[in-house]
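Reading through the structure tokens given below for one structure.
The values are calculated or read from the model by the stated rules, or taken from the named source; none is laboratory data. Model, not experiment: these values are computed from the prediction. Quick reminder, even Gly has a Cβ in these numbers, built from the backbone with ideal geometry, and neighbours come from all protein chains shown. The area values use the complete protein model at the heavy-atom level, side chains included, leaving out ligands, DNA and RNA. Shrake-Rupley method; radii C 1.70, N 1.55, O 1.52, S 1.80 Å.
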Amino acid sequence: MVKRAGRVPVNEPGAVPSERVHEEFERVLASATFRGATRQAGLFRYLIEETLGGRAAYLKEYSLGAQALERGPSFDPRTDPIARVEASRLRRRLELYFATEGAGDSVVIELPKGSYVPVFSERAPASLSHATSRSRSSRAIRHPLVAGTLVLVLAAAAALVLWKDRREDSVPRPVTRLEVALGAHATLASDVGSNFALSPDGTRLAFLGQEPNGDKRLYVRRLDTLIATALVGTVGARGPFFSPDGQWVGFWVDGKLKKVLAQGSASPITLCDATDLLGASWGRDDNIVASLNSSGQLWRVPGAGGPPTLLVDFSRQGRDVRWPQLLPGGKAVLFTASAASFSDADIDVARLDGGMRKTLVRGGTYGRYAGGGSLLYVDRGTLFAVRFDPDRLEVRGAPIAVASSVDYSPEFGYAQFDIAASGTLVYERAPGSGLSTIRWLDGSNGSAALLDVPGQYLWPRLSPDGTRIAYSERSGSDFDIRGYDMQKWIAYGSNESDSWEVYVRAFPDDGSQVRVSDHGGRIPAWSSRGGLLYYETEQHDLMVARYEVKSGRFIASEPHRWSTHQLADTGVLGNFDLAPDGAHAVGLIPAGGSAEPEKRDHVVLVSNVFDELQRQRRGDPARAGE
């Protein structure tokens, strides 16, 4: 480090006020020297905030790697040199800035070698260095060749620093795409909300698995192992999300928001009552931001538990808000918003102090930011990434397609993907590419095509005479209970218990209730022939149960599989209808028409996504205008 005369260090009398340090910090970040240096800018901000906040003693290699560079609590500086490397790059950029663009700045910020604590100092007033400057000027006049040579040397040194730094920053690591087995005797469940979540450091995957008996529970798998661990007390759970340190997994079950240790060594802890969960994000301040209903409100829930408090209210704007995610710093939140259908939703951002709200992406859903300067979202099954500045809350440039055929729900707005700060991405492919055909089923292996063109169809319905069919293309709608009248009995599907099941009640209701389905069921339908009740299982099989009414009591037999053809996965929305003859049905079948159920026991794992985006953006014309 070159010693500069005429400076007053920050820890001595006449120290630089923190306001001036902040002003200089913003000036440095806005300079050409720091343009494109996203990682070093984030590290720089962390060092400044911790030092001015009186926490300089905690600026160690571990804290830089685990927190500032978002490697997470598992960060090991003995095997990962990222903190030393990025600190060295930051040090060189600061030296270059104050030797060129910032040569006239009154405040200087330095990062001494061997330390991670920045030093702030003021340049001496011009009157104190006038004699020195005059002497240097006269020597430069007497020796123009020497002066010119010095300028060239300094320019060459500056160019070398930038070239080396940019070269190190611009060499992308190779991208790996793998189909990865879940590591459990379970398949990914199908419910409202994402089935899985990555820990912030990208080392753990939490997922909602459906076991052969139909039970759904949470599993956690370390990605450096082959076997997933079932978490105690999580049967019926949905909507997993991690705490910032990766030690806890939050989830919803049976009208409660809960958390459980990720290593599965203890029972869950109840955080609060919650009628529903449509997304949650756990901040570094140990508060959770969650959508607990579809009323257009976001709530704050203490990570240690306690009643939820209203955080922001968009209900007067007539827009439903779901799937929130806190941005770094905890001052703003991303969310998916829609006034009607989530098949045509927007990704919005809002400051939590109520100061600003704006739309970042139109026609996208389930926005996620994990660092790396990219916002990821899904549009009609394609996963896109667009450049995003989390400080200015702005998107720039054209989006880049990252993956196709990603499973998502245009009805509810969620998507089956997650990304960690390490650049690790995980997603689930849409069953049958998310498309289905409409076929005529006869209750065995037989089927005939009614509409062979693959599409995103819903609610097939036959006319009373069985000669015509009505259906709809996918569009947003909410669903809780769908009833079918049959004299004095109503069959309905409900998730009032730990999972979706089919029930029958008397009408008018006399308090009696009979469960018909065995380990999961929904979308019930009465047969016109009488004595038969059909429904879909969680595995998308079409089931039938015989029933009779004796002395005013509804009695159902054990259900069995009616057709070998698996129905298309349409979530909790209709995908079959019965023919008037009672012997046939019309059903949505996954494109390809396989009679064997699709096994949802794998996910796609992609490493180094940010490096791949960096490589692709080199040819993006928008980059030249930044």
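Taking the Cα centroid of the range 175-215 and of the range 298-336, what is the distance between the two, rounded to the nearest whole Å?
If we compute the Cα centre of each part, the gap is 25 Å.
Given an 8 Å cut-off on Cα distances and at least 6 residues of separation, report the relative contact order of the range 527-577 as a percent. Working shown, then result.
Numbers: 68 pairs, mean separation 14.4, N = 51.
This gives 28 percent for the range 527-577.
Summing +1 for each Lys or Arg and -1 for each Asp or Glu, what net charge is found among the other residues whose Cβ lies under 15 Å from the Cβ of Gly552? Mind dumping the intermediate values first?
Numbers: positive: Lys488, Arg505, Lys550, Arg553; negative: Asp509, Asp510, Glu548.
That works out to +1.
In a shell of Cβ-Cβ distance under 13 Å around Leu578, excluding Leu578 itself, what net charge do Lys and Arg (+1) and Asp and Glu (-1) give?
Numbers: positive: Arg461, Arg529; negative: Asp442, Glu536, Asp577, Asp581.
Summing Lys/Arg as +1 and Asp/Glu as -1 gives -2.
Among the aspartates and glutamates, which fall within straight-line cross-link reach of Lys256, defined as a Cα-Cα distance under 16 Å, with same-chain neighbours fewer than 8 residues apart omitted?
Asp273, Asp276, Glu496, Asp498
If r is the Cβ-Cβ distance from Thr176 to Leu532 and R0 is 51 Å, what FRET efficiency results, to the nearest 0.05? Walk me through the numbers before you get to the answer.
Details: r = 51 Å, r/R0 = 1.00.
After rounding, the FRET efficiency stands at 0.50.
How large is the direction-averaged shadow of the alpha-carbon convex hull of the range 169-208, in nm²? Spell out each step's value before the answer.
Numbers: hull surface 17.9 nm².
Computing the convex hull of the Cα atoms and averaging its projections yields 4.5 nm².
Given a Förster distance of 25 angstrom, what is the FRET efficiency for Thr225 paired with Asp273, based on the Cβ-Cβ distance and rounded to 0.05? Present the calculation step by step, with values, prior to reporting the outcome.
On the way: r = 35 Å, r/R0 = 1.41.
Rounded to the nearest 0.05, the efficiency is 0.10.
Which whole-number percent gives the relative contact order of the range 313-419, counting Cα pairs below 8 Å spaced six or more residues apart? It would help to have the intermediate numbers written out before the result.
On the way: 234 pairs, mean separation 21.0, N = 107.
It comes to 20 percent, rounded to a whole number.
Return the sequence-ordered ³J(HN,Hα) values of the range 187-194 in whole Hz as given by the Karplus equation 6.51 cos²θ - 1.76 cosθ + 1.60 applied to θ = phi - 60°, using x for Gly and Pro.
Values per residue, Gly and Pro as x: 10, 5, 6, 10, 7, 7, x, 5 Hz.
In whole percent, how big is the carbon plus sulfur part of the accessible area of the range 267-421, probe 1.4 Å, protein atoms only? Each step should come with its number before you reach the end.
Details: 2600 of 5740 Å².
With neighbouring chains kept in place, the figure for the range 267-421 is 45 percent.
What do you get for Rg/Rh of the range 310-410 when both radii come from the Cα atoms and Rh is the Kirkwood radius? Walk me through the intermediate numbers first.
Numbers: Rg = 13.0 Å, Rh = 13.7 Å.
With Rh from the inverse mean 1/r over Cα pairs, Rg/Rh is 0.95.
Dipole of the range 369-448 (Lys/Arg Cβ +1, Asp/Glu Cβ -1, origin at the Cα centre): which of Ser444, Gln416, Gly372 lies farthest to the positive side?
The residue sitting most towards the positive pole is Gly372.
Just the number please: accessible area per residue for the range 290-331, 1.4 Å probe, all protein chains included, in Å².
On a per-residue basis, 45 Å².
Taking Rh as the Kirkwood radius computed over C-alpha pairs, what is the Stokes-Einstein D of the range 213-341 at 4 °C in a medium of viscosity 1.567 mPa s, expressed in µm² per second? Before the final figure, lay out each step's value.
On the way: Rh = 15.2 Å.
So the translational diffusion coefficient is about 85 µm²/s.
Which order do you get for Lys258, Lys550 if you rank them by accessible area with a 1.4 Å probe, largest at the top? Please report the intermediate quantities before stating the final value.
Values: Lys258 45, Lys550 105 Å².
Heavy-atom accessible area, descending, gives Lys550, Lys258.
What's the local net charge at Thr270, with K and R +1, D and E -1, over the other residues with C-beta under 11 Å away?
Here the count lands on +1.
Might you tell me the accessible area per residue for the range 189-243, computed with a 1.4 Å probe and given in Å²? Present the calculation step by step, with values, prior to reporting the outcome.
Working: 1600 Å² over 55 residues.
With the other protein chains kept in place, the range 189-243 gives 29 Å² per residue.
Of Lys259/Lys488; Lys259/Lys331; Lys216/Lys550, which pairs sit farther than 32 Å apart, going by alpha carbon to alpha carbon? Working shown, then result.
Values: Lys259/Lys488 42 Å; Lys259/Lys331 24 Å; Lys216/Lys550 34 Å.
Lys259/Lys488; Lys216/Lys550, as the Cα separations exceed 32 Å there.
Between Ala57 and Ile469, how high is the FRET efficiency from 1/(1 + (r/R0)^6) when r is the Cβ-Cβ distance and R₀ = 60 Å? Nearest 0.05. Don't jump to the answer; show the numbers that get you there.
Details: r = 72 Å, r/R0 = 1.20.
Here the calculated transfer efficiency is 0.25.
Collect residues whose amide H, placed 1.01 Å from N in the peptide plane, falls under 5 Å from the amide H of Ser528; neighbours closer than 5 in sequence don't count.
Here the answer is Gly582, since their amide H atoms fall under 5 Å of that of Ser528.
Carbon-plus-sulfur fraction of the accessible area of the range 533-573, 1.4 Å probe, in percent?
Reported share for carbon and sulfur atoms: 47 percent.
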